[in-house]
1. More than 16 Å from the ligand (Cβ to nearest atom) and part of a loop (DSSP other than H, G, I, E, B) - does that describe any residue in the stretch 167-182?
2. Select from the stretch 26-46 the residues that are touching an Asp or Glu at 6+ places or on another chain (Cβ under 9 Å) and small (Gly, Ala, Ser) and write down the one among them that is surrounded by the most Cβ atoms within 10 Å (Cβ to Cβ).
3. Tell me yes or no: at least one residue of the stretch 225-238 is within 16 Å of the ligand (Cβ to nearest atom), in the same structural domain as Leu382 (by TED's automatic domain parsing) and without any contact (Cβ under 8 Å) to a residue 60 or more places away in the chain.
4. Of the conditions (1) over 30 Å from Glu102 (Cα atoms); (2) more than 15 Å from the ligand (Cβ to nearest atom), Asp130 clears all except one; give me its number.
5. Tally the residues that are hydrophobic (A, V, I, L, M, F, W, C), out of contact with any strand residue (DSSP E or B) (no Cβ under 7 Å at 6 or more places or on another chain) and assigned to a loop (DSSP other than H, G, I, E, B), restricting the search to the stretch 83-118.
6. What pairs come out if I take residues in the stretch 62-78 that are assigned by TED's automatic domain parsing to the domain that holds Ser25 and pair them with residues that are in a strand (DSSP E or B) and among the hydroxyl-bearing types (Ser, Thr, Tyr) whose C-beta lies under 6 Å away, six or more apart or interchain?
7. Spot the failing condition for Ala80; the list is (1) more than 18 Å from Ile14 (Cα to Cα); (2) crowded, with 17+ Cβ neighbours inside 10 Å; (3) more than 16 Å from the ligand (Cβ to nearest atom), and only one is missed.
8. Right, Asp49: among the acidic types (Asp, Glu), more than 20 Å from the chain's Cα centre (by Cα) and surrounded by 15 or more Cβ atoms within 10 Å (Cβ to Cβ) or not?
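The values are calculated or read from the model by the stated rules, or taken from the named source; none is laboratory data. What you see is a predicted model; the values in this text were computed from it and never measured. As a convention, Cβ positions derive from the backbone with ideal geometry for all residues, glycine included, and neighbour counts pool all protein chains shown.
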Amino acid sequence: MTVKDLKPARVWQIFDEITQVPRPSGRLAKIQAWLVDFAKKNNLEYKVDEVGNVAMFRPAAPGFENAKGVVLQGHMDMVAEKAASSNHDFDNDPIETIVEGEWVRANNTTLGADDGMGLAIALAAITDPDIKCGPMEALATVDEETGLTGASNIKADMLRGDYLLNLDSEDDGVITVGCAGGLVSIFKFDYKEEDAPKDLIYFQINFAKFHGGHSGTDINKGFASATKLITRLLCTMGVDYRLAKIDSGNLHNAIAFTAEAIIGIKPEDKEKFAVAFNTFKAEVENEYHVTEKCFEMECKSVDAPAKVVDDCTAKRVITAVFAAPHGVASMSMEIEGLVETSTNLASIKMRDGQFVVEAFSRSAVESRKMELVEQIEAVMRLAGANETLREGSYQGWEPRMDSALLHLAVASWEKLYGVKPVVEAIHAGLECGLFLQAAPHMEMISYGPTLQDVHSPAERCHIPAVQKGWDFTVELLKEIAAGK
Ligand SMILES: [Zn+2]
């Protein structure tokens, strides 16, 4: 059984084609060419804007000239994460899909159903001659995952419709009507290299195989941040150390699932360090016994490196990351269970003589987001950061419960499945808020088939939910066309 055998066939065939085209965020030329080719093959008018968003347009079916125009939208880029054991080359290799019971996953890489499946549904709809409706557009945006670049730069002429269906949500039966804004904080600390003291013994600390996950939607699920753990160990172990290397976390929108450090300690502290390390490991096993089942925390003796980092800077950075907030800061008072504000202390890297620390803060409430951003900046300022940057700031999307589109969507779902869909807002960035800036008249909803563990190599897509999501899309287009 391969994805090509799955139903609905049109959707899965297009999804299969998309998985064959490399499309890691930031390197999208191949998928853009594929999309243009898709439009040409299907005789669709298309437009590529200056940032590389690709829109395809289908005129109204005869008799539906006055029906509302609908934009079906997904993002063309995918998060490129793989397991340490994988040799996958995201710039050249197709994603290897595996059908497993009711799920499709990839072989030790992200699957890219976020948002390849959204795109597949949009392209399936715009090429389906059986759907009779008003003007339809399929819009594929660039670099959603690395700062909503495509949506941030969208112009009104790329949004030719009254309603927008954003196909980048991940729970079957849920219609999303609001989202959180976000902001990436970057802090740089200049360090000096010194010859590594010869009288120390050196250890490499490795944290691996933590769950990781999405820094917004998974932030309240109790997963460990390897970045927080490694700074916690170094700050609390009660043994002085010199730092030769630290490399923790990766993408700002993923909870850190690996961390590595090389430290030197005095030979007489060896026993104390071993006890502290093992005690810490036992504490972590206890604290995370529900959510982290297979992590590895290892420490091994290594040869002395040539250089270490100057002690003052190393301690300032490690202490600051340990002290800075991470995780849920506040819950919504309006929607039960919704995280309102959070931050992900994503990574510590060493580049060109600098430590680079990244954090990603989110909130549905702009002022709350900025409070947290300022709070992290305050910690880093106390620690003497040489440079503070704010990048990719975007605002949230305010729910509109009186939306005509939302009413049609709820009615369509109820008609098909006999139950009301859940209507909610999410704690993650969606592009809708940015579309509203370009086209304030548009009404929007976001939905999509169930995906789990997105942004991690465990990402998987629920096969029956794809059928449901497709049927819902067709029904909703029909209801919109009927102008009810
Ligand atoms: Zn996505």
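1. So far as the stretch 167-182 goes, yes, one or more of its residues are more than 16 Å from the ligand (Cβ to nearest atom) and part of a loop (DSSP other than H, G, I, E, B).
2. Filtering first and then ranking leaves Ala39.
3. no
4. So Asp130 meets the others, but not (1).
5. Selection size over the stretch 83-118: 1.
6. Pairs that qualify, where the first residue is assigned by TED's automatic domain parsing to the domain that holds Ser25 and the partner is in a strand (DSSP E or B) and among the hydroxyl-bearing types (Ser, Thr, Tyr), are Lys68/Tyr163; Val70/Tyr163; His75/Thr141.
7. If we test Ala80 against (1) more than 18 Å from Ile14 (Cα to Cα); (2) crowded, with 17+ Cβ neighbours inside 10 Å; (3) more than 16 Å from the ligand (Cβ to nearest atom), just (3) comes out false.
8. Taking the combined requirement at face value, the residue satisfies it.
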